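What follows is one structure encoded as structure tokens, with my remarks underneath.
The values are calculated or read from the model by the stated rules, or taken from the named source; none is laboratory data. Keep in mind that what you see is a predicted model, and the values were worked out from it rather than measured. As a convention, Cβ positions derive from the backbone with ideal geometry for all residues, glycine included, and neighbour counts pool all protein chains shown. Remember, those area values only see protein heavy atoms, side chains included, never the ligands or the DNA or RNA. Shrake-Rupley method; radii C 1.70, N 1.55, O 1.52, S 1.80 Å.
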Protein chains: 2
Amino acid sequence: MSIRETNAVTMEQIVSLCKRRGFVYPSAEIYGGFANAWDYGPLGAEMKRNIRDQWWSTMVRERDDVVGLEAAIITNPKVWEASGHVGGFSDPLVECRNCHNRFRADNLPGAEIGEGGKVILPADLACPSCGKVGQLTEPRQFNLMFKTFVGVVEGEATTAYLPPETAQSMFIDFTLVQTTSRKKLPFGIAQIRKSFRNEITPGNFIFRTREFEQMELEFFVRPGHEEEWFAYWRQARMDWFVGLGVRPENLRFYDVPKDELAHYSRGTTDLEYRYPFGWGELEGVASRGDYDMQRHIAASGEPLSFFDEESREHIVPYVIEPAVGLDRVMLILLLDAYDEEPDNQGTRVVLRLSSKIAPVKAAILPLAKKEPLTTLAREIQGKLRRRYAVQYDETGNIGRRYRRQDEIGTPFCITVDFDSLEDRAVTVRDRDSMAQERVAIDDLPAWLAGRIDY
Amino acid sequence: MSIRETNAVTMEQIVSLCKRRGFVYPSAEIYGGFANAWDYGPLGAEMKRNIRDQWWSTMVRERDDVVGLEAAIITNPKVWEASGHVGGFSDPLVECRNCHNRFRADNLPGAEIGEGGKVILPADLACPSCGKVGQLTEPRQFNLMFKTFVGVVEGEATTAYLPPETAQSMFIDFTLVQTTSRKKLPFGIAQIRKSFRNEITPGNFIFRTREFEQMELEFFVRPGHEEEWFAYWRQARMDWFVGLGVRPENLRFYDVPKDELAHYSRGTTDLEYRYPFGWGELEGVASRGDYDMQRHIAASGEPLSFFDEESREHIVPYVIEPAVGLDRVMLILLLDAYDEEPDNQGTRVVLRLSSKIAPVKAAILPLAKKEPLTTLAREIQGKLRRRYAVQYDETGNIGRRYRRQDEIGTPFCITVDFDSLEDRAVTVRDRDSMAQERVAIDDLPAWLAGRIDY
């Protein structure tokens with residue numbers, strides 16, 4: 001049985017592949033890395049682009065009722081005061097008096113949530129790091145927003161924040177977007193942008209990092225219609241992952257119990273994935289009511305409402321928010337696609353990625369590094385690369401070159417051999433079945449177009 | 001004569017169009033805006049996506065010698081110490097003792113640069129803001145990097161910086177990228193990412209902002225080959241702008257004189273654009289030698305070199321860097337495309353954008369808001385939108401709907417009329433010539449594919 005059939009992939013296998021092949025590296029590795037930050041290498045950058053394009057295409061371009069936004073990262077700090085983040089976007093932090101490691105109190109074993117969200121820890125709790133008992137401090141609230149200072153004179157500069165989410169920009173720009181795009185309720189505003197949280201315990205590779213990229217939709221509906229739209233988006237987001245080839249048995253809904261909901265939430269469902277470290281959050285779909293809109297209306301004195309021509313009413317819409325981290329989507333796509341199977345050369349590592357996501361769509365391989373094979377192979381590459389991300393590889397034996405492509409998930413290998421010079425045809429090998437098919441060079445673009453999804 | 005023929009567009013016309021139609025809004029406008037920050041609305045977000053895609057396609061996907069990177073924004077501060085930014089990335093700042101406004105000293109009239117880059121101002125200089133004479137302070141150096149603090153205990157947290165450029169990540173990741181991508185010299189690493197500079201005087205709409213998006217290539221060559229590659233990239237970048245439809249008469253090269261070059265530069269050419277406020281920088285192409293690589297080698301103790309199999313030598317490459325701001329590219333594309341011409345309804349405002357860049361490629365317009373016209377129009381929209389960003393509009397008379405699309409640069413308007421129900425054909429109107437052509441509905445995808453560039 002292969003790794004994928006038994007669902008036995010480990011984080012180490014993914015981290016190792018990512019570094020070895022140029023998907024993800026530790027950031028500033030020559031300086032010893034930094035605080036769980038990661039850089040995306042050539043294949044990682046392509047894969048992220050593909051994920052963004054898929055999300056944008058599904059959520060914005062193919063719909064009439066969603067438009068895009070790209071708001072500034074650093075904006076007026078009043079936004080974060082009004083939203084409640086300056087006052088309340090914090091986690092309970094404890095420190096060990098012995099080893100000085102710090103932990104999120106609510107994640108420690110035996111932690112209980114008391115009145116007003118206060119975390120109560122068992123008195124005899126051992127430090128998860130040094131093991132010493134009774135050394136943990138009382139939990140205190142730690143704000144997760146990064147601060148910076150805008151302006152040119154210290155002391156007088158304005159304290160600003162790096163955004164912990166993209167959502168607030170859709171709320172504060174609601175009227176500008178609605179009027180300029182002439183949309184009517186229900187409609188949504190979508191954004192892909194970096195967010196920043198000074199997490200107490202980042203970890204698990206790119207699962208939780210202090211800097212991450214969010215893909216968020218704020219979908220505005222008439223009050224009274226929030227339940228149907230919540231149900232709609234909950235399912236639509238699940239379908240999106242399945243459409244990218246994620247195996248349904250590794251996905252599930254987790255409906256957050258009413259008594260665990262954030263105070264502004266009228267309902268939240270997490271889409272969870274079966275990570276090697278257990279089931280965990282992948283995407284959240286939240287029914288936020290008009291909580292955020294009312295906060296900004298109160299703080300700014302601006303209306304932030306939709307004027308309904310028919311009823312002549314100003315409506316403050318309710319909001320449904322599906323929000324997912326791009327880095328996390330990349331992680332689960334890699335985990336879900338990773339496979340190892342025995343073959344005649346030992347082990348074949350293969351990433352069974354959807355062609356929508358694969359960083360390289362096709363590899364062009366001259367059978368030997370010889371003229372005129374290489375010229376013909378370059379010619380084919382030239383024809384395909386205006387449309388597809390393709391790779392040309394002429395070094396090593398053909399079996400080894402196939403393996404290189406399998407490991408990065410390339411759906412098709414196109415081999416140019418000596419017969420190609422006569423019959424103007426090439427051998428196309430399928431990554432998953434390893435079946436080979438002879439295809440006329442002139443038919444290649446159409447052949448690929450029928451097999452590579454966008 | 002139209003506005004475009006006389007090159008008489010003003011910044012006000014662009015700012016007004018951008019706000020009116022949803023390209024660019026002041027950030028956090030409901031809170032009075034913030035420090036020259038801007039949000040990109042639905043059309044601006046699409047246009048930025050198109051510019052990124054064009055750059056990535058030209059600079060990465062269609063080349064064998066360039067690969068991509070997406071590095072973390074917040075990384076190890078040692079990077080910025082080694083690069084020289086902590087010590088030296090500063091501008092000379094003066095303040096008026098009377099009105100407390102601040103200015104970049106080297107931009108003031110009569111400023112001279114003395115020994116060691118010191119700025120000397122005329123003694124009788126008037127404040128550009130309040131006009132009072134002799135009130136400006138001595139210039140002092142002001143570091144343009146934004147600071148933040150990473151970690152969970154104040155005082156012990158690490159001071160980190162928001163990156164003022166993307167380039168350093170390509171230098172410090174050089175070895176990881178080179179070995180995992182198996183590239184040989186010459187080759188490049190490309191990146192699109194946000195950069196941040198605490199500018200003393202941001203301004204001119206999106207021309208100079210504190211937060212901006214850079215598209216940078218670091219192209220690594222063998223020492224001795226830097227001049228030919230500098231000449232190559234200088235021209236290649238100019239060709240890229242012309243290929244996007246920018247009028248050559250509004251572009252020029254400005255070769256920075258040797259005595260004005262940054263100390264690490266072996267040559268810099270600015271590509272300049274004729275803005276309404278005069279010729280100014282659009283893109284910089286710099287020959288940086290091995291300055292940056294040697295700084296990081298010295299600071300990290302890591303080799304950062306390319307091993308040449310043939311000569312068995314370790315080569316520290318020289319670097320050619322074409323770097324441009326995405327926001328600035330968007331500004332010049334809008335300026336260059338903006339047109340107003342008299343017509344029978346008064347004035348026709350039209351954005352003569354390349355189809356590569358236009359945020360909407362085609363609009364589908366039922367002649368009347370009536371069944372079965374609207375159903376057929378929706379059907380056509382459904383067929384086109386998997387491939388193209390399209391818009392459906394059924395409100396207002398057809399002339400007015402044409403004008404709406406002209407103003408946002410939509411190359412084609414597809415009108416579904418009563419004859420369409422009989423002949424299964426539509427009228428396609430060209431934005432620039434306003435010529436109309438009857439096209440069979442079944443032929444539309446191919447007809448558009450021949451006319452819309454990607």
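Mind ranking A:305-318, B:63-76 by how tightly packed they are, going by the mean number of other C-beta atoms within 10 angstrom, highest first?
B:63-76, A:305-318
Shown for B:K147: label points 7 Å from Cα along the beta-carbon vector, and their distances to the equivalent points in the other copies, 1.1 nm in ascending order.
A Stokes-Einstein calculation at 10 °C with viscosity 1.306 mPa s, built on the Kirkwood radius of chain B over Cα pairs, returns a diffusion coefficient of 64 µm²/s. Annotation: the antiparallel percentage among DSSP beta bridges lying fully within segment A:320-454 is about 65.
Here the 3J(HN,Hα) profile of segment A:265-270, calculated from phi with Karplus coefficients 6.51, -1.76 and 1.60 at θ = phi - 60°, is 8, 9, x, 9, 10, 8 Hz, Gly and Pro shown as x. Starting from the label point of A:R312 at 7 Å along Cα→Cβ, the same points in the other copies fall at 9.2 nm, in ascending order. Scanning residues 5 or more positions from A:G68 or on other chains, those with amide H under 5 Å from its amide H are A:A190, with H placed 1.01 Å from N in the peptide plane. Sorting the segments A:332-342, B:136-146, B:355-365 by their mean number of nearby beta carbons within 10 angstrom, highest to lowest, gives B:355-365, A:332-342, B:136-146. What the phi angles of segment A:398-411 give under the Karplus curve with 6.51, -1.76 and 1.60, with θ = phi - 60°, is a coupling list of 5, x, 5, 5, 4, 4, 4, 6, 4, 5, 9, x, 5, x Hz, glycine and proline written as x. For the chain pair A and B, buried accessible area totals roughly 7700 Å², probe 1.4 Å, rounded to the nearest 100.
If a spin label sat at a point 7 angstrom from the Cα of B:S16 along the line to its beta carbon, the backbone N atoms of segment B:25-64 nearer than 18 Å would be those of B:25-26. Among residues of chain A, the one whose Cβ lies closest to the rotation axis carrying chain A onto chain B, together with that distance rounded to whole Å, is A:T148, 2. Ranked from shortest, the separations from the 7 Å Cα-to-Cβ label point of A:A435 to its equivalents in the other copies are 4.7 nm. So, R0 is 51 Å and r is the distance between the beta-carbons of A:H314 and A:R400; what FRET efficiency does that work out to, to 0.05? After rounding to 0.05, the efficiency reads 0.15. Spacing of the modelled spin labels on B:K369 and B:E341, each 7 Å from Cα toward Cβ, amounts to 3.1 nm. Database remark: amide H of B:F149 closer than 5 angstrom to the amide H of A:K147, B:A160 (H placed geometrically; neighbours at sequence offset of 5 or more, or on other chains; Pro and chain starts carry no H). Entry note, chain A: the mean residue ellipticity at 222 nm calculated from DSSP H runs of n ≥ 4, each adding -39500 (n - 2.57), is -8000 deg cm²/dmol after division by the residues and rounding to the nearest 500. Sort segment A:376-417 into rounded, prolate or oblate with this rule: let a ≥ b ≥ c be the square roots of the eigenvalues of the Cα gyration tensor; rounded if a/c is under 1.5, and if a/c is not under 1.5, prolate when a/b is larger than b/c, oblate otherwise. Oblate shape, in that a/c is at least 1.5 and b/c is the bigger or equal ratio. For the pair A:D53 and B:E281, label points projected 7 Å from Cα toward Cβ lie 3.2 nm apart.
No disulfide-compatible partner, judged by a Cβ distance under 4.7 Å, exists for the following cysteines of chain B: B:C18, B:C413. Computed over neighbours whose Cβ is under 12 Å from that of A:E29, the net charge equals -1, Lys and Arg +1, Asp and Glu -1. The mean sequence separation of alpha-carbon pairs under 8 Å and at least six residues apart, normalised by the residue count of chain A, gives a relative contact order of 13 percent.
Taking every residue in B:59-69 and counting other chain Cβ atoms within 10 Å of its Cβ, the average works out to 5.
By the gyration tensor of its Cα atoms, with a ≥ b ≥ c the square roots of the eigenvalues, what is the shape of segment B:135-219: rounded for a/c under 1.5, prolate for a/b over b/c, or oblate?
Judged from the Cα gyration tensor, segment B:135-219 comes out oblate (a/c at least 1.5, b/c at or above a/b).
Summarising the amide proton neighbourhood of A:F307: residues at separation of 5 or more, or on other chains, whose placed amide H is nearer than 5 Å comprise A:I315. In order along segment A:105-121, the Karplus-derived 3J(HN,Hα) couplings, from 6.51 cos²θ - 1.76 cosθ + 1.60 at θ = phi - 60°, round to 4, 6, 9, 7, x, x, 5, 10, 9, x, 3, x, x, 5, 8, 10, 9 Hz, and Gly and Pro are given as x.
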